[in-house]
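The values are calculated or read from the model by the stated rules, or taken from the named source; none is laboratory data. Owing to the predicted nature of the structure, the values given are computational and were not obtained by experimental measurement. So basically every Cβ, Gly included, is an ideal-geometry build from the backbone, and we count neighbours across all protein chains shown.
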Amino acid sequence: MPLDYTAFRQRRERLIHAMGSGVAILAAGSELARNRDTHFPFRSDSYFHYLTGFPEPEAVLVLVAGDEPRHLLFCRDKDPDKEIWDGFRYGPAAAAEVYGFDGAFPLAELDDRMPEFLAGQADLHYLVGRNGAWDARIMGWLNAVRAKVRSGVRAPARLVDLADSLDEMRLIKGPEELDLMRRAGEISAAAHVRALRNARPGRYEYEMEAELYYAFRLAGATAPAYPSIVAGGANACILHYVNNDQVLRDGDLLLIDAGAEYQGYAGDITRTFPVGGKFSGPQKAVYEVVLAAQAAALEQVRPGRTWNQPHDAAVRVLTRGMVDLGLLKGDVDGLIEQDSYKRFYMHRTGHWLGLDVHDAGDYKVDEQWRPLQPGMVLTVEPGMYIRPSEDVPGAYWNIGIRIEDDVNVTPDGCEVLTGAAPKSVAAIEEVMNHG
Ligand code: GLY
Ligand code: MN
Ligand code: MN
């Protein structure tokens, strides 16, 4: 699916409208050295990508608001010698044409031109305080304008954090973004099915990680959206386990939390299944509680509900389950009140999802949990993690289960973007045992 550059330009127009006046500056970011002269794969800053789609490092977006709005780009010049080694560069002229800018300049002119763009403006909008070197560079341009005030030039007096307006925009996904997120969800789900089919006792966690990666790349995804968690047995009780170096053992569960990044957008799925293809009684008992908690949370994802309602619903089902399983004693309301459930469920039930796996957007507005609205995309990911302890029935020791899906709020409920990854006990056992 080709990128739709009109959508990027429309986002810039909406941002310019929200700015009202002044100049906005946003950087793509730089390549990061891995060692000596090799680099980590470059990924544009998410805000920069959201507004441009332009893929090259070092590029800088400049937006001028006001009566004569302008969309400008600074980027690397064409360089036939470097392009032989490192590949194609657009150069300013082609970049402006292909990506819909009103003008583009070589990067080498950035330090000279920026003070000119800032002169006479009241407001300077940028991502304040995210990157020390970038802050210093922008202050250098600001001071270059201030140095000219005696000749009648006005320097921006107000610094505005662009995140305020951009986070609100990124929170509500447009139809073109939802298409990409559906694809990220599908690819991620297919990768989980692949892992499910290939898991068996004696194979290693990293082999399952390789199966996921193979499925991601084969489907055209760039990379995992975050380090894949492939956690067999007790490792599932380590929430951010990423060593992925242990052998899978019969009788253990395997928790996989992995998602693809597709054209910048993240998938984020967790499935937990038995290495040997059949849940034991105790594993199944805990699994059914987590699955019911997820169903209860999903039921709350709809306009009119607030951000916290899915979490509250999941906590209630999980806590009741903990009592039924003999993990906690007491009445459910009191155990929730006293946070007793946090011993076995210590994270929240989800987060916004988009270009970042933990995406932009506030969770509270005016101190109140935010109402859910169509176009918001979030994860729903309850879990239960039971570490060995004398006061816990031994049958449940080292069981760690999480079930995570990605959902888009729709006018009358939600759309699950990752439903192709099986999650009922019967469906998982069916895929594992009969392909
Ligand atoms: N894999 C990161 C998360 O689920 O939040
Ligand atoms: Mn998640
Ligand atoms: Mn996850």
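For the stretch 399-424, the candidate set comprises residues that are of a type in the set (Gly, Ala, Ser) and away from ligand 1 (no atom under 16 Å from the Cβ); within that set, the residue that is farthest from the chain's Cα centre (by Cα) is 424.
Within the stretch 237-283, if we keep just the residues that are among the small types (Gly, Ala, Ser) and more than 26 Å from the chain's Cα centre (by Cα), the residue that is surrounded by the fewest Cβ atoms within 10 Å (Cβ to Cβ) turns out to be 281. Residues of the stretch 349-376 that are away from ligand 2 (no atom under 16 Å from the Cβ) and either in a loop (DSSP other than H, G, I, E, B) or closer than 19 Å to residue 225 by Cβ (or both): 362, 366, 367, 370, 372, 373, 374, 375.
Okay, residues lined up against (1) touching a Pro at 6+ places or on another chain (Cβ under 7 Å); (2) buried (at least 22 other Cβ atoms within 10 Å of the Cβ); (3) of a type in the set (A, V, I, L, M, F, W, C); (4) closer than 22 Å to residue 89 by Cβ:
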site	(1), (2), (3), (4)
37	no, no, no, yes
40	no, no, yes, yes
43	no, no, no, yes
48	no, no, yes, yes
53	no, no, no, yes
67	no, no, no, no
72	no, no, yes, yes
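Scanning the stretch 223-236 for residues that are in contact with a Pro (Cβ under 9 Å, 6 or more places away or on another chain) and crowded, with 16+ Cβ neighbours inside 10 Å yields one hit, 234.
Just checking, how many residues over the stretch 46-88 are in contact with a strand residue (DSSP E or B) (Cβ under 8 Å, 6 or more places away or on another chain) and touching a residue at least 24 places away in the same chain (Cβ under 8 Å)?
Taking the stretch 46-88 first, the residues in contact with a strand residue (DSSP E or B) (Cβ under 8 Å, 6 or more places away or on another chain) are 47-48, 51-52, 54, 56, 58-65, 69-77.
In the following step, the residues that additionally are touching a residue at least 24 places away in the same chain (Cβ under 8 Å) were identified as 47, 51-52, 54, 56, 58-65, 69-77.
Adding up the residues that qualify gives 22.
Once the stretch 114-149 is narrowed to residues that are touching a Phe, Trp or Tyr at 6+ places or on another chain (Cβ under 7 Å) and touching a residue at least 60 places away in the same chain (Cβ under 8 Å), the residue that is surrounded by the most Cβ atoms within 10 Å (Cβ to Cβ) is 118.
The residues in the stretch 396-422 that are among the small types (Gly, Ala, Ser) and touching a Cys at 6+ places or on another chain (Cβ under 8 Å) can be counted, and the count is 1.
In this entry, residue 197 is excluded by the filter for residues that are away from ligand 1 (no atom under 16 Å from the Cβ), among the basic types (Lys, Arg), touching a residue at least 60 places away in the same chain (Cβ under 8 Å) and touching a Phe, Trp or Tyr at 6+ places or on another chain (Cβ under 6 Å). When 111, 86, 79 are screened for being closer than 29 Å to residue 123 by Cα, of a type in the set (D, E, K, R) and surrounded by fewer than 20 Cβ atoms within 10 Å (Cβ to Cβ), only 111 passes. Of the set (1) of a type outside the set (A, V, I, L, M, F, W, C); (2) more than 30 Å from residue 170 (Cβ to Cβ); (3) in a strand (DSSP E or B), all apply to residue 379 but (2). Would you mind finding the one in 113, 89 that is at pLDDT 95 or above, within 19 Å of residue 27 (Cβ to Cβ) and part of a helix (DSSP H, G or I)? Result: 113 is the single residue among 113, 89 that is at pLDDT 95 or above, within 19 Å of residue 27 (Cβ to Cβ) and part of a helix (DSSP H, G or I). One residue stands out in the stretch 380-389 among those that are within 13 Å of ligand 3 (Cβ to nearest atom) and either in contact with a helix residue (DSSP H, G or I) (Cβ under 7 Å, 6 or more places away or on another chain) or of a type outside the set (Asp, Glu) (or both): the one that is nearest to residue 305 (Cα to Cα), namely 380.
The strands (runs of 3 or more DSSP E) falling completely within the stretch 17-74 include none with 3 or more residues that are modelled with pLDDT of 95 or more and of a type in the set (S, T, N, Q). When residue 392 is tested against (1) more than 14 Å from ligand 3 (Cβ to nearest atom); (2) over 20 Å from residue 285 (Cα atoms); (3) among the β-branched types (Val, Ile, Thr), only condition (2) is not met.
Based on this model, can you work out whether residue 202 counts as surrounded by fewer than 16 Cβ atoms within 10 Å (Cβ to Cβ), outside any helix (DSSP H, G or I) and either touching a residue at least 60 places away in the same chain (Cβ under 8 Å) or touching a strand residue (DSSP E or B) at 6+ places or on another chain (Cβ under 7 Å) (or both)? Yes: the conditions hold for residue 202. For the stretch 201-234, a residue qualifies if it is over 17 Å from the mean Cα position of the chain (by Cα) and more than 22 Å from residue 275 (Cβ to Cβ), and the qualifying residues are 217, 218, 219, 220. You will find that of 396, 341, the residue that is under 22 Å from residue 306 (Cα atoms), more than 16 Å from ligand 2 (Cβ to nearest atom), more than 23 Å from the chain's Cα centre (by Cα) and crowded, with 16+ Cβ neighbours inside 10 Å is 341 and no other.
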